[in-house]
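The values are calculated or read from the model by the stated rules, or taken from the named source; none is laboratory data. If you're wondering where the values come from, they're calculated on a predicted model, not measured in any experiment. Cβ placement follows ideal geometry from the backbone for every residue including glycine, while neighbour counts extend to all protein chains displayed. With ligands, DNA and RNA removed, areas are computed over all heavy atoms of the protein, side chains included. Shrake-Rupley method; radii C 1.70, N 1.55, O 1.52, S 1.80 Å.
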Amino acid sequence: MMIEALLVVTVASAVAVMFADEEIAGRLAFWLSLLPLAGALLMFLGFDGSGNALLGGDIAYQTQADWISLGDLSVGYHVGVDGIGLSLVVLTTVLMSLAILSAWTPIDERQSQFYGLMLFMEASLIGVFTALDFLAWFVAWEFVLVPMYFLIAIWGGPRRKYAAIKFFVYTNVASLVMFIGFIALVFGLPVNSLDLPTITQSLHAGELGSLAGIQPGTLKAVAFIAMFAGFAVKVPMVPFHTWLPDAHVEAPTPVSVILAGVLLKMGTYAMLRFNFTMLSDQAIEFAIPIALFAVISVIYGAMLALAQQDLKRIVAYSSISSMGYVLIGLVAYNLYGLGGATFQMVAHGLISGLMFMSVGVIYNVAHTRMVGDLSGIADRMPLTATVFTAAAFGYMGLPLMAGFAGELYIFLGGMQSTVLPYAQVFTAVAMFGIVIVAGYLLLAMQRVLFGPFEADTDHEIVPAAVTDRVSIMVLLLIVILLGMAPDLIYGIIQDAVQPILSIGGGL
């Protein structure tokens with residue numbers, strides 16, 4: 001019942017904070033957020049699973065019960081985690097606690113509602129990474145949109161309403177496309193359940209029949225494309241990326257931390273679960289176009305970041321580029337590729353969160369994020385400048401940091417792939433993106449942190465608040481810890497990935 005306890009505690013904490021007094025809401029939210037964090041860490045320490053949640057084996061913390069009867073179709077309550085899901089649950093709880101702590105300085109109005117919505121979003125994200133019934137999973141997936149919409153629309157920047165509506169429309173339409181693809185599969189199967197493991201195993205057993213005159217092979221291809229397109233918006237992958245920079249720029253920094261650190265991982269997590277696990281044959285069949293989209297996202301996202309002057313936009317476009325590497329790992333479809341892609345989801349979540357926190361700390365003090373407005377602030381904010389530099393090098397793949405391990409696994413998987421034609425070419429081109437990443441991050445650091453001090457702002461440049469410094473230091477230490485000891489999570493990720501390869505024929 002660990003997952004149920006985690007969900008109940010998080011929702012109860014959200015309700016308590018929502019109705020708390022404004023003066024204590026932030027502190028109450030932080031201390032209550034430590035409860036799901038402690039629960040996730042206990043789950044991690046006690047984890048003994050060795051299978052894949054959709055393909056069977058020893059699934060940890062599993063609960064299954066009847067929920068709703070819809071005529072001949074039954075909906076069950078089914079939750080559980082393997083190494084993939086658990087890694088992302090821990091990422092979610094860690095980032096949420098630190099994001100809430102970092103919000104104490106910038107959030108000064110309607111604090112109860114802000115922190116309550118953050119915790120509601122945490123509960124929904126935990127649901128996405130633990131649900132094993134499609135309807136329950138879809139409810140959690142959609143519910144994430146609601147608090148995110150309000151967090152941007154109410155506490156965001158000058159164009160917050162436009163950014164919030166754009167985010168909601170893009171992701172909601174994407175959900176509809178994904179839902180159509182999935183339902184097409186369900187009604188083509190001789191099962192009367194929305195249980196994800198049951199559906200996955202039925203698909204691999206060749207039980208999919210024709211639907212509306214569409215033959216099974218074509219139906220699988222159509223469903224794969226529909227689901228992939230829907231998830232690609234959430235990643236986001238070029239050309240479905242245009243909502244992301246607006247959402248990041250207008251969102252308050254703590255919300256940007258969760259958006260980049262966790263919400264984007266929903267897309268690649270869903271691709272891994274649905275496209276690359278349920279429909280592995282189609283994943284291999286469409287390997288070349290998927291790899292093309294991945295490489296374009298890596299290079300184009302990096303080039304867009306190179307052209308930006310707003311620090312937040314730089315980090316936002318960097319996320320598009322980095323998530324392209326995750327897609328390269330998925331399409332490589334081998335142990336290093338799929339395992340590295342999952343590890344990179346966690347690593348990128350931590351590093352992108354650290355980058356946004358660092359930018360937020362600078363903005364809290366200087367009230368500007370424009371590269372041309374600041375210079376030489378390292379003397380005034382030495383700790384923040386050090387962390388920002390370390391985070392930037394982590395983005396570039398500095399050894400002994402989490403980003404290096406993730407990219408190393410992905411590149412090894414790409415170079416050794418036997419299912420992706422021209423895998424070495426695609427991987428080599430994607431690796432060139434690191435050069436562009438180094439270019440725009442080094443340029444931003446040089447202009448903002450170093451050189452003679454200048455600040456085109458009326459605000460005095462002073463050391464950051466204690467809570468800001470604590471949050472970025474703790475997150476940096478986690479990034480370094482995971483870089484020095486990647487097997488802390490990579491081992492359990494491998495155990496969950498191996499059954500996918502045995503089904504799909506990957507090596």
ask   = Which of the residues spanning segment 266-316 are under 21 Å from VAL359 (Cα atoms) and in a helix (DSSP H, G or I)?
value = GLY301, ALA302, MET303, LEU304, ALA305, LEU306, LEU311, LYS312, ARG313, ILE314, VAL315, ALA316
note = Going through (1) surrounded by fewer than 24 Cβ atoms within 10 Å (Cβ to Cβ); (2) in contact with a helix residue (DSSP H, G or I) (Cβ under 7 Å, 6 or more places away or on another chain); (3) not hydrophobic (A, V, I, L, M, F, W, C); (4) not in a helix (DSSP H, G or I) one by one, GLU207 fails only at (2)
task = For THR427, indicate whether it is out of contact with any Leu (no Cβ under 6 Å at 6 or more places or on another chain) and open to solvent by less than 80 Å² (accessible area, probe 1.4 Å).
result = yes
task = May I ask you to verify whether PRO245 is at pLDDT below 95, outside any helix (DSSP H, G or I), over 12 Å from the mean Cα position of the chain (by Cα) and of a type outside the set (S, T, N, Q)?
result = no
query = If the Cβ limit is 6 Å and pairs must be 6+ apart or interchain, which residue in segment 299-316 that is in contact (Cβ under 8 Å) with a residue 24 or more places away in the chain pairs with which residue that is of a type in the set (Lys, Arg) and open to solvent by 10 Å² or more (accessible area, probe 1.4 Å)?
reply = ASP310/ARG369; LEU311/ARG369; LYS312/ARG369
remark   = Inside segment 430-448, the number of residues satisfying the requirement of being open to solvent by 40 Å² or more (accessible area, probe 1.4 Å) and in a helix (DSSP H, G or I) is 7
key: Residue under evaluation LEU95, criteria (1) within 18 Å of VAL8 (Cβ to Cβ); (2) crowded, with 20+ Cβ neighbours inside 10 Å, criterion not met   = (1)
ask   = Can you tell which of VAL359, VAL419 is among the β-branched types (Val, Ile, Thr) and part of a helix (DSSP H, G or I)?
value = VAL359
request  = Inspect segment 162-177 for any residue being closer than 26 Å to LEU501 by Cβ and either of a type outside the set (Asp, Glu) or surrounded by 15 or more Cβ atoms within 10 Å (Cβ to Cβ) (or both) and give the result as yes or no.
outcome  = no
note = So, first residue under 14 Å from ALA103 (Cβ atoms) and outside any helix (DSSP H, G or I) in segment 454-482, second residue of a type outside the set (Lys, Arg) and open to solvent by less than 50 Å² (accessible area, probe 1.4 Å), Cβ within less than 7 Å, six or more apart or across chains; the pairs are ALA464/VAL361; ALA464/ASN364; ALA464/VAL365; ALA464/MET381; ALA464/THR384
ask   = Going by the structure shown, is ILE165 among the hydrophobic types (A, V, I, L, M, F, W, C), in a helix (DSSP H, G or I) and within 23 Å of PHE120 (Cβ to Cβ)?
value = yes
